[in-house]
Amino acid sequence: SRSSAGMLPVVAGLLLAIVAGRRGSAAGDAESSAGSRFVCTSLPLDAVGAGCPLPPVPMQGGALPPEEELKATVLQLRETVLQQKETIGSQREAIRELTGKLSRCEGTDGKSGTGTWKKELGKGKDTMGDLPRDPAQVIDQLSRTMQTLKDRLESLEHQLRANVSYSALPNDLREMLQRRLGDLERQLLSKVAELEDEKSLLHNETSAHRQKTETALNALLERVSELEKGSSAFKSPDEFKVSLPLRTNYLYGKIKKTLPELYAFTVCLWLRSSASPGIGTPFSYAVPGQANEIVLIEWGNNPIELLINDKVAQLPLFISDGKWHHICITWTTRDGMWEAFQDGEKLGTGENLAPWHPIKPGGVLILGQEQDTVGGRFDATQAFVGEMSQFNIWDRVLKAEDIMNIANCSTNMPGNIIPWVDNNVDVFGGATKSPVETCEERLLDL
C-alpha cells in the first residue's frame, strides 16, 4: 500500500546507519575486542557519503506497483549490505597483516616483540630476515681454508718422503716387494692371454654361424630372384621339393590350405632325411586348443610316432638312412584304425588311436617343425632336416594297390584335400623350393 511505500526512507536510513556503524567498527578493530557493541542511529538520506553508495530508489508513479517497487528496493539494499560485509572482512585481514608486520619491525629496534631476531643477528646467524652475508667475506674465508688444507697436505707428503724412502728399505723387504710385483705381473699377463683365447674362439664360432646363415639366405635370395623374373624352372606344378638344410626353430614350410573336418584320411609324401638320431618332424597339424591334432615325429632315439589328438601310436618305419622313401599313413575314426606304408609296402597296422574323434577343421599345417601353439613355438631339437616332396592328403583311406602305384611312380594321384602344388606351399627362414623329379632321384639312390 502507499503507507508501506512511505516507510521506505525510514528503512533505508536505518540500514545505512547499520552499515556506517560496521565501517566505523572495522577502522578500530585493531584496538577493540571481539565483544564490542555498535550503536545504531538513523541517518537522513542526504547524509550518505560517497563511501557507502545507496542504490537508486524507484519513485512512486513508476511502471511497477508499489509492492513490487518495495521488494526491489529491499533486494538492492540487501545486496549492498553483503558487498559491504565483504569489504569490511578484507579490510580486517589487511589490518591484521599490517599490524603483524609492524610488530616484527618494532621488534628489530628493541621497542616491542621478543627481540630474538636481533640477538641471533648479533651472533652472525641468518634466522628470520633472510639477509645474506657479505660475498667477499665468504670467498676470502673459503680461500684461507683451502690454502691451510693445501699446506698441511704438502707437509704430510714431505714427511712421508723423508721418513720412508725406497733406498732405506731393508734388502729382504725390497726383494719381497719385487717378487710380489713379479707375481702380479705374471697373473696379469696370464689373464690377458686367456681373454685373447676366448675372444678368438668366440670370433671363430660367430664366423661359422654367419657362414651357414649367409648360405641359406643366398639360396633364398636366388629363389626370390627366380620368382621375380617370372620364369619357373619346374617341369610341372607338382615337380618340386622343399629343402630344410639346418636343424633350427625358424626353417619350415607352410601349407596355405587348411583341413576340413575329417573322419578318415590318408597322408603320403616322399622324404629324405639328413639328420640323426631321429628325423625330427616331417609335418604337424595344430588347431586351437590342441597343438598335436596330427603329428608325425621321430625324436632322438625313440621310434617314429603318429599323434592324433595327443594320442600316440608307434609306427614300424625306418627312414633315417639318408635315402628317398615314400611314406603313407591311413587312419579312420572308426575304432581308431591306422596303417603304415613304406615304399608301397604295408609294414604295420593298429587300432584304438583316438577312436571316434573327428579331425578338427581350420588349423595350420606345417612342414618340418612341431607346433607347440598354432603356427609357432617351434623346438629346434624336433625339427626335420632334409628334403620332402609330393605331400598329399585325401579325406579317405586309400587302397593298398593305389598306395603301391603311387610309390612305384606308375600313378599320379594328387590329394583331393591337400594337393602338392607350387602355389600352395610357402617356405620361411631359409627353407627353399627347387625343381625335382622324385622318382628319378630315387633311382639314383638305389
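List the pairs whose first member sits in the stretch 284-305 and is modelled with pLDDT under 90, whose second member is open to solvent by less than 10 Å² (accessible area, probe 1.4 Å) and in a strand (DSSP E or B), and whose Cβ atoms are under 7 Å apart, counting only residues at least 6 apart or on separate chains?
E298/G280
For (1) open to solvent by 40 Å² or more (accessible area, probe 1.4 Å); (2) part of a loop (DSSP other than H, G, I, E, B); (3) in contact with a strand residue (DSSP E or B) (Cβ under 7 Å, 6 or more places away or on another chain), each residue gets a yes or a no:
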{"residue": "K257", "(1), (2), (3)": "yes, yes, yes"}
{"residue": "P260", "(1), (2), (3)": "yes, yes, no"}
{"residue": "S276", "(1), (2), (3)": "yes, yes, no"}
{"residue": "P282", "(1), (2), (3)": "no, no, yes"}
{"residue": "L296", "(1), (2), (3)": "no, no, yes"}
{"residue": "I319", "(1), (2), (3)": "no, yes, yes"}
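Out of curiosity, is M404 more than 35 Å from the chain's Cα centre (by Cα), under 28 Å from S274 (Cβ atoms) and open to solvent by less than 40 Å² (accessible area, probe 1.4 Å)?
no
Test each condition in (1) open to solvent by less than 30 Å² (accessible area, probe 1.4 Å); (2) over 17 Å from Q390 (Cβ atoms); (3) among the charged types (D, E, K, R) for K241 and report the one that comes out false.
Going through (1) open to solvent by less than 30 Å² (accessible area, probe 1.4 Å); (2) over 17 Å from Q390 (Cβ atoms); (3) among the charged types (D, E, K, R) one by one, K241 breaks only (2).
Would you check which residues across the stretch 407-427 are part of a strand (DSSP E or B) and open to solvent by less than 40 Å² (accessible area, probe 1.4 Å) and list them?
Result: I418, V425, V427.
Quick check on this structure: which one of G344, G348, G336, G322 is over 23 Å from R272 (Cα atoms), more than 45 Å from the chain's Cα centre (by Cα) and in the same structural domain as M388 (by the TED database)?
G336
Within the stretch 352-401, work out how many residues are in a strand (DSSP E or B), of a type in the set (V, I, T) and open to solvent by 20 Å² or more (accessible area, probe 1.4 Å).
Looking only at that region, the number is 2.
Within the stretch 412-420, is even one residue out of contact with any Cys (no Cβ under 6 Å at 6 or more places or on another chain) and closer than 30 Å to T215 by Cβ?
Taking every residue of the stretch 412-420 in turn, at least one turns out to be out of contact with any Cys (no Cβ under 6 Å at 6 or more places or on another chain) and closer than 30 Å to T215 by Cβ.
The values are calculated or read from the model by the stated rules, or taken from the named source; none is laboratory data. Not measured: the values here are computed from a predicted model. Cβ atoms come from the backbone with ideal geometry, glycine included; neighbour counts cover every protein chain shown. When the accessible area is computed, the model is the full protein with side chains, heavy atoms only, and any ligands, DNA or RNA have been set aside. Shrake-Rupley method; radii C 1.70, N 1.55, O 1.52, S 1.80 Å.
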